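Below you'll find the structure, written out as structure tokens, and then a few comments.
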Amino acid sequence: MAVTGASASPSRPRAWAAWGLNFLFPLRCAGCNRLAPSGSQARICLTCAQTVRPPGEPLCLTCGLPLAGASQGQRCARCVRNPPYFNQARALACYDASAEPEGNILASILRRHKYGPNQALGAVLHELLQRDWPLAPRYDLVVPVPLHPTRLRWRGFNQAALFAAAVARHRDYTLGASVLARVIATPPQTAQDFASRQRNIHNAFALRYPGAVAGKRILMVDDVLTTGATVNECARVLRRGGAAEVDVLTVARAL
């Protein structure tokens with residue numbers, strides 16, 4: 001009994017601290033802002049979580065774009081015309097970029113996390129990692145898409161780096177947070193088509209430590225994949241630096 005009491009006592013201060021924090025700052029759903037049920041540690045309620053769905057099969061074998069009416073193992077027209085430098089891109093969830101804002105729970109969370117900034121919303125993104133892992137291989141290095149120093153100072157953090165760190169912890173991979181650098185402060189990619197994004201991002205990245213990627217299987221990580229131009233340019237730089245393979249994982253795929 002003494003042993004049991006001794007082992008249980010250290011947990012009491014933590015339990016009281018957790019109770020006090022929940023009392024003073026009760027958890028609210030990151031999607032709808034409703035109070036979380038008593039005792040729940042989930043950062044998104046069940047109703048909102050059900051709207052955050054993975055991309056529906058079948059997917060483009062390369063970029064992961066849902067291909068309605070196609071069969072498994074096919075590629076989208078863009079990947080057939082211009083094969084990307086990465087082998088495979090997959091997302092944990094997707095959202096309709098043309099939908100009304102109130103229907104875009106995941107888009108709203110990502111936007112507030114990125115521009116709020118509310119880093120606590122990162123806990124929601126980490127919860128998505130508990131779902132089915134969409135990529136099969138093991139990787140030698142997890143590399144986030146970097147921000148230019150000017151943008152990093154303005155924003156205060158790199159959301160892709162935070163997610164990459166979560167992926168590395170979750171999968172027991174090595175994190176290469178400083179392998180790539182963004183050397184050109186490109187204008188925002190929002191509302192640009194694929195060709196414009198490609199021109200915008202060309203030569204915007206540089207490899208800081210070539211020896212760190214030579215012969216390695218790399219997992220590139222970003223928050224959202226829209227056209228894939230940014231991660232493709234990063235993959236090009238990594239492959240030119242000697243990386244054996246590059247795959248891509250994003251939190252979301254904008255459809």
Total residues in the range 213-238, condition in a helix (DSSP H, G or I) and either among the hydrophobic types (A, V, I, L, M, F, W, C) or over 21 Å from the mean Cα position of the chain (by Cα) (or both): 6
Meets criteria (touching a helix residue (DSSP H, G or I) at 6+ places or on another chain (Cβ under 8 Å) and modelled with pLDDT of 90 or more) for A206: yes
A99 aliphatic (A, V, I, L, M) and at pLDDT below 85: yes
Residue match in the range 73-86 (condition: surrounded by 16 or more Cβ atoms within 10 Å (Cβ to Cβ), touching a Cys at 6+ places or on another chain (Cβ under 9 Å) and either within 18 Å of V251 (Cα to Cα) or of a type in the set (A, V, I, L, M) (or both)): yes
Evaluation of Y85 against (1) touching a Lys or Arg at 6+ places or on another chain (Cβ under 6 Å); (2) within 15 Å of D223 (Cα to Cα) (one fails), failing number: (2)
Which listed residue, of R199, R138, R169, is farther than 30 Å from A42 by Cα, outside any strand (DSSP E or B) and either out of contact with any helix residue (DSSP H, G or I) (no Cβ under 9 Å at 6 or more places or on another chain) or charged (D, E, K, R) (or both): R199
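The values are calculated or read from the model by the stated rules, or taken from the named source; none is laboratory data. Computed from a prediction, not measured in an experiment: that's the story for all the values here. As a convention, Cβ positions derive from the backbone with ideal geometry for all residues, glycine included, and neighbour counts pool all protein chains shown.
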